[in-house]
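Peer 1: This is the structure I have questions about; it appears just below.
The values are calculated or read from the model by the stated rules, or taken from the named source; none is laboratory data. Keep in mind that this is a model prediction, so the values were computed, not measured. Reconstructed Cβ throughout: ideal geometry from the backbone, glycine too, with neighbour counts over all protein chains shown. In case anyone asks, the SASA skips ligands and DNA or RNA and just uses the protein heavy atoms, side chains included. Shrake-Rupley method; radii C 1.70, N 1.55, O 1.52, S 1.80 Å.
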Amino acid sequence: MAEGGDNWADVCIVTPAYHEAAMIAQVIDGLARYVSRRQVIVVDDASTDQTAALAQEAGATVVRHAVNCGQGAALATGVEAALRQGAKIIITFDADGQHDPDDLPAMIEPIVIGLADVVLGTRFSQDSQSNVPMVRKILLKLAVCLTRLTTRLPVTDAHNGYRALSAKAAKIIRIRQNRMEHASEILDEIARHRLRYVERPVNIRYSEYSLAKGQKNRAALKMAIRMFINKAAG
Amino acid sequence: MYRVILLIFVLLALTKISLRYKDGEMSLRRCLFWIAFWAGAGVLGMAPQWSDYFTRYLGAERGADLFFFLGIVLLAYLVLTLYMQVQRLEQQIARLVRELALKPLNRKNTEEKSGDSSASDQ
């Protein structure tokens with residue numbers, strides 16, 4: 001295990017995965033530089049490829065959904081699994097290779113020193129070296145405006161899957177949205193429960209693979225509409 | 001003639017609603033809502049001139065305009081209700097899927113813990 005000493009023993013990394021056979025082993029190998037492989041919890045959201053088998057081979061703890069429920073649901077399952085394993089710090093980490101394991105120490109540090117209960121990764125900090133495509137950047141900035149209006153949280157990145165939660169925050173935050181709206185729901189919960197949070201710069205690596213696999217820009221519009229209806233319906 | 005058909009239809013609907021409520025398949029609130037709806041439809045069908053008065057009172061030009069406007073409002077309400085029910089069902093399914101997914105992990109944790117305690121007993 002690398003830097004951080006004893007703190008890493010209490011960390012679980014939750015990686016929701018759907019059809020990530022191409023990347024999952026590589027992602028787990030990258031995380032294994034910081035935590036033991038069993039501390040990586042891969043939640044396979046009913047993939048029909050070899051995602052679960054490859055994750056198991058790579059030594060991760062694998063939890064499988066019987067039917068596809070969405071990334072939000074997979075994340076909630078992974079967080080629950082981490083809490084049942086006794087994790088004191090839970091990190092959410094994407095399975096498509098966009099997130100950089102070398103950002104892990106900076107993500108857990110505020111929780112370890114008691115500065116915050118939630119650490120949110122941001123790709124829009126000056127210290128971040130993310131290569132965000134222009135259209136995606138515009139949509140993400142719009143999401144930030146919407147989030148600031150609804151939650152009053154002055155975040156700079158409202159849809160970043162790279163987060164660290166203390167066990168206390170993980171128990172309080174309830175993720176009910178099964179699909180991509182969970183990202184906004186998490187921010188709503190932070191605001192609602194007045195959890196202490198900080199942002200830390202993270203490097204997001206967009207590749208042809210991750211852009212092809214990731215959320216399409218038009219899906220962002222559908223998500224915004226669903227968020228609006230959810231808020232209106234209460 | 002159409003009034004007779006309408007009256008029969010309204011009476012059938014009211015009977016069905018009452019029976020469903022009696023059998024416990026419908027809540028009182030829903031029952032009262034549908035009774036009010038069908039009774040209103042029956043009254044307006046039997047005395048359409050009342051709809052003109054009602055229409056003018058609400059500021060619409062014609063009864064047909066009001067009918068479509070109210071129809072759209074009702075449909076929007078029904079769609080929103082259905083959407084929320086679907087959301088609830090999805091959340092329930094996710095909870096069920098989660099518990100099933102975590103069962104092997106719980107079993108493994110229990111086995112590891114009992115393995116540890118029998119090792120410490122030795």
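Peer 1: Where q = 0.24 Å⁻¹, what log10 of I(q)/I(0) comes from the Debye formula for the stretch A:84-170, counting one point per Cα?
Peer 2: Here the Debye-derived log intensity ratios amount to -1.31.
Peer 1: Here's another thing I want to ask about it. Could you work out the Rg to Rh ratio of chain A, with Rh taken as the Kirkwood radius (inverse of the mean 1/r over all Cα pairs)?
Peer 2: 0.93
Peer 1: Can you check what the Kirkwood hydrodynamic radius comes to for chain B, Cα pairs only, in Å to one decimal?
Peer 2: Numbers: mean 1/r = 0.0509 Å⁻¹.
Here the Kirkwood hydrodynamic radius works out to 19.6 Å.
Peer 1: I've got another one for you. Probe 1.4 Å, all protein chains in place: accessible area of A:Asp100 in Å², nearest 10?
Peer 2: The accessible area of A:Asp100 comes to roughly 20 Å².
Peer 1: Over the stretch A:1-136, what lengths in whole Å, largest first, do the semi-axes of the equivalent ellipsoid take, defined as the square roots of 5 times the eigenvalues of the alpha-carbon gyration tensor?
Peer 2: 23, 19, 14
Peer 1: In Å², rounded to the nearest 100, what is the total accessible surface buried by chains A and B against each other with a 1.4 Å probe?
Peer 2: That pair hides around 1600 Å² of surface in total.
Peer 1: Measure nothing fancy, just the Cα-based angle from helix B:49-58's long axis to the longest principal axis of chain B, in degrees from 0 to 90, nearest 10.
Peer 2: Value to nearest ten degrees: 60.
Peer 1: Moving on to the next point. Add +1 for every Lys or Arg and -1 for every Asp or Glu among the other residues with Cβ under 12 Å from the Cβ of A:Leu140, and state the total.
Peer 2: Working: positive: A:Arg123, A:Arg136, A:Lys137, A:Lys141; negative: A:Asp157.
That works out to +3.
Peer 1: Report, for the protein assembly as shown, the % of DSSP beta bridges that are antiparallel, rounded to 5.
Peer 2: Roughly 30 percent of the DSSP beta bridges within the protein assembly as shown come out antiparallel.
Peer 1: Among the aspartates and glutamates, select those whose C-alpha is under 14 Å from the C-alpha of A:Lys141, and discard any that sit fewer than 8 residues away in the same chain.
Peer 2: A:Asp157
Peer 1: What does the charge count around A:Arg64 come to, taking other residues whose C-beta lies under 15 Å from its C-beta (Lys +1, Arg +1, Asp -1, Glu -1)? List each step's numbers first, then the result.
Peer 2: Values: positive: B:Arg98, B:Lys103, B:Arg107, B:Lys108; negative: A:Glu20, A:Asp44, A:Asp45, A:Asp49, A:Glu57, A:Glu80, B:Glu99.
Surrounding charge for A:Arg64 is -3.
Peer 1: Which residues of the stretch A:147-196 show a drop of at least 50 Å² in accessible area when all protein chains are present, compared with their chain alone (probe radius 1.4 Å, heavy atoms only, ligands and nucleic acids excluded)?
Peer 2: In the stretch A:147-196, residues shielded by partner chains: A:Asn178.
Peer 1: For the pairs A:Lys88/A:Lys137; A:Lys137/A:Lys168; A:Lys88/B:Lys103; A:Lys171/B:Lys103, note any where the Cα-Cα span goes beyond 26 Å. Spell out each step's value before the answer.
Peer 2: Working: A:Lys88/A:Lys137 33 Å; A:Lys137/A:Lys168 32 Å; A:Lys88/B:Lys103 21 Å; A:Lys171/B:Lys103 19 Å.
Where the Cα-Cα span goes over 26 Å, the pairs concerned are A:Lys88/A:Lys137; A:Lys137/A:Lys168.
Peer 1: Next question, about the same structure. Treat each spin label as a single point 7 Å out from the Cα along the C-beta direction, and report the A:Glu208 to B:Arg88 distance in nm.
Peer 2: 4.8 nm
Peer 1: At 1.4 Å probe size, with the rest of the protein present, what percent of the exposed accessible area of the stretch B:5-64 is carbon and sulfur atoms? Provide the component values of the computation, followed by the final result.
Peer 2: Values: 3150 of 4690 Å².
Percent of accessible area from carbon and sulfur atoms in the stretch B:5-64: 67.
Peer 1: A further question follows. What is the mean number of Cβ atoms from other protein chains located within 10 Å of the Cβ atom of each residue in peptide B:103-110, rounded to a whole number?
Peer 2: Other-chain Cβ atoms within 10 Å of each residue's Cβ, averaged: 3.
Peer 1: Just to be sure I understand the interface: list residues from the stretch A:48-90 that lose 50 Å² or more of accessible area between the chain on its own and the complete protein assembly, 1.4 Å probe.
Peer 2: Output list: A:Arg84.
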